[in-house]
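The values are calculated or read from the model by the stated rules, or taken from the named source; none is laboratory data. This one's a predicted model, so the numbers in the text were calculated from it and none came from an experiment. For neighbour counting, all protein chains shown are included, and Cβ atoms are generated from backbone atoms with ideal geometry for every residue, glycine included.
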Amino acid sequence: MTGDARQAVGKRTPVLVGAGSVIQRIADPGDAREAIALMVAACEAAADDAGCRDLLRAAGSIAVPQGMWSYTDPGRLVATSIGASSARTTVARLGILQTELIGRAAAAIAAGRVDVAIVVGGEARYRDLRATIGGVRVSETKQDDAVPGDVLVPEGEIISPREMAAGLVSPVTQYALIENALRHHDGLDLETHAGEVARLWAGFNAIAASNPFAWNPRPLTPEDIRTPGPRNRMLAFPYAKWHSSQWNVDQAAALILCSAEVARAHGVARDRWVLPLAICDANHMVPVSERADIWRSPGFAIAFRRALALAGTSADDIAHLDLYSCYPAAVRVQLRELGLSADRALTVTGGMTFAGGPLNNYVLQSMAAMVATLRGDPRSTGLVTAVSGMLTKQGVSLWSGIAGSQDFRYEDVTAEVAAGTARVACGAPRSSPATIASYTVSYAGDRPERAVTICDLPDGTRAIAVCEDAWQAAAMTSSEWCGRQVSVRDDGTFAA
């Protein structure tokens, strides 16, 4: 999109004027701040980034994605600390896209329902981990009766009851299923695939090395990433620690959005503004075991296509990316659905393995980094994506330092995604020949222990089947088992 196609910034145009990130890594948990204190610090950093602390007191809404803390209304604690006594607070439960919080805030500003909005989140998991290891008790602010103004709750299941019963509970096991299905679809052997994934992740690691807010900026080679060892233990085949999001971090981030009119009135310099061009979310929820194509995420293609149309731009115009990066499969699937090449920088932070992946909060971290990037290249367009669950929900946001050719729009494309997503019933296991659609192997220490498969049955349905034999599980880590014929038994096990 050329500069001539851009329009003037109207009074109600939403602008992101402040972005703040906070990181602490203190060995003594007694000296470390709790999560809410980190969130407050992030809000203050965002206001300083905008050059105006008065924006904090002017906040009319404060939204917080739920984390691994016990606060019932964290937004109220933040509001009290920053002097925003009249702010309406929102908590988004797990399963709500972080782009939804940003999109809601921007849409409310555009509609005149609020003038200043804050989206903030944070974790102090490293503090808690150090306290547990050291047998030290650390305090957390109590909120027994606080109730937020709004609570956003997802509809539908991220993990199905059958997946839970089979032990497919942790994100790493579910993403491993997606990764293995994608490898099989691409026709890669295990060795080639491991090298491809390691090179992809080494590219993320290289960017983290220059990120001052990265949790683990230590340089790693592709060989470091792919090779299991004491510092890189296997989690779920084919993933080891250095393939996985690191959520035991002490990190927080805050975004301050307001109308252009308010930004001008508060004297926020124009070169601090970053504008949302379009945000699109897809909330159609299908558990991994019920996806006809386990290696796909059609919602990303649909949300991206719509966001580009709303912004009046094209994929070729996107200069900067941050693709949600909890596991390599998330990035590899997005590249296919978005039609983007891997031969470019795919992150502005270094990704969730190396920059850090605070639960339900990473997109605020990536947005803060994207804001800095776009300020340095204001006529360019940046893409920031979000994921909830196991690529279960998809969020796409487009940003620039200057206005787009059309007014900002926030849309939910769930209905279109539901119509365009094929689903397969996954029922109770029964004696039948079957074909493995995907699988993963869990570990006891450094030894393969247990295999879990998603199997296609002759009648077009699916079943989940497991194998507790360590020898069989080990065999499934050294050769391709997707596409193999097995026999599923009534008791939910399988035989090769």
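Details
- Enumeration of residues in the range 185-208 that are in contact with a helix residue (DSSP H, G or I) (Cβ under 8 Å, 6 or more places away or on another chain) and either assigned to a loop (DSSP other than H, G, I, E, B) or at pLDDT below 95 (or both): 188
- Being touching a Pro at 6+ places or on another chain (Cβ under 9 Å), crowded, with 22+ Cβ neighbours inside 10 Å and acidic (Asp, Glu) is true of residue 250.
- Residue check, residue 379 surrounded by fewer than 23 Cβ atoms within 10 Å (Cβ to Cβ) and assigned to a helix (DSSP H, G or I): no
- Some residue of the range 420-436 being surrounded by 14 or more Cβ atoms within 10 Å (Cβ to Cβ) and within 30 Å of residue 322 (Cα to Cα): yes
- Residue ranges of strands (runs of 3 or more DSSP E) in the range 431-483 with at least 3 members more than 13 Å from residue 494 (Cβ to Cβ): 432-444, 447-456
- Residue match in the range 89-100 (condition: within 27 Å of residue 397 (Cα to Cα) and free of Cβ contacts under 8 Å to residues at least 24 places away in the same chain): no
- Positions within the range 70-88 being farther than 30 Å from residue 394 by Cα and either outside the structural domain of residue 36 (by TED's automatic domain parsing) or of a type in the set (Gly, Ala, Ser) (or both), in sequence order: 81, 83, 84, 85, 86
- Counted residues, the range 287-318 - those being among the basic types (Lys, Arg) and part of a loop (DSSP other than H, G, I, E, B): 1
- Selection status of residue 335, surrounded by fewer than 24 Cβ atoms within 10 Å (Cβ to Cβ), under 16 Å from the mean Cα position of the chain (by Cα) and farther than 20 Å from residue 307 by Cβ: no
- Look at the range 257-286: where a residue is under 15 Å from residue 402 (Cα atoms) and in a helix (DSSP H, G or I) and a partner is modelled with pLDDT of 95 or more and of a type in the set (S, T, N, Q), sitting 6+ places away or on another chain with Cβ atoms under 8 Å, you get 260/13.
- Within the option set 413, 371, 396, being surrounded by fewer than 24 Cβ atoms within 10 Å (Cβ to Cβ), among the β-branched types (Val, Ile, Thr) and modelled with pLDDT of 95 or more holds for one residue only, 413.
- Screening 495, 428, 437 for residues that are closer than 19 Å to residue 175 by Cα, among the aliphatic types (A, V, I, L, M) and touching a Lys or Arg at 6+ places or on another chain (Cβ under 8 Å) leaves exactly one candidate, 437.
- Residue 349 meets all of the listed conditions (1) part of a loop (DSSP other than H, G, I, E, B); (2) surrounded by fewer than 24 Cβ atoms within 10 Å (Cβ to Cβ) but one, namely (2).
- Within the range 117-150, considering residues that are closer than 24 Å to residue 357 by Cβ and in contact with a Lys or Arg (Cβ under 8 Å, 6 or more places away or on another chain), the one surrounded by the fewest Cβ atoms within 10 Å (Cβ to Cβ): 138
- Test: residue in the range 351-364 that is modelled with pLDDT of 95 or more, of a type outside the set (A, V, I, L, M, F, W, C) and closer than 24 Å to residue 379 by Cβ: no
- For the range 3-12, the condition holds for no residue, the condition being that it is of a type outside the set (Lys, Arg) and crowded, with 24+ Cβ neighbours inside 10 Å.
- Among the residues of the range 90-120, those that are under 19 Å from the mean Cα position of the chain (by Cα) and farther than 20 Å from residue 274 by Cα comprise 91, 92, 93, 94, 95, 96, 97.
- Here residue 453 clears all of (1) touching a residue at least 60 places away in the same chain (Cβ under 8 Å); (2) under 30 Å from the mean Cα position of the chain (by Cα) except the condition numbered (1).
Matching residues to (1) of a type in the set (Phe, Trp, Tyr); (2) surrounded by 18 or more Cβ atoms within 10 Å (Cβ to Cβ); (3) without any contact (Cβ under 8 Å) to a residue 40 or more places away in the chain; (4) under 13 Å from residue 354 (Cβ atoms):
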| site | (1), (2), (3), (4) |
| --- | --- |
| 176 | no, yes, no, no |
| 183 | no, yes, no, no |
| 187 | no, no, yes, no |
| 193 | no, yes, no, no |
| 201 | yes, yes, no, yes |
| 204 | yes, yes, no, yes |
| 214 | no, yes, no, yes |
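- Residue 363 vs. criteria within 16 Å of residue 286 (Cβ to Cβ), touching a residue at least 40 places away in the same chain (Cβ under 8 Å) and aliphatic (A, V, I, L, M): no
- Candidates 12, 25, 57, 53 - the one that is under 17 Å from residue 252 (Cβ atoms) and of a type in the set (Lys, Arg): 25
- Qualifying residue in the range 261-272 (condition: over 23 Å from residue 160 (Cα atoms) and within 16 Å of the chain's Cα centre (by Cα)): no
- Taken over the range 217-240, the criterion of being part of a loop (DSSP other than H, G, I, E, B), crowded, with 21+ Cβ neighbours inside 10 Å and in contact with a strand residue (DSSP E or B) (Cβ under 7 Å, 6 or more places away or on another chain) is satisfied by 237 alone.
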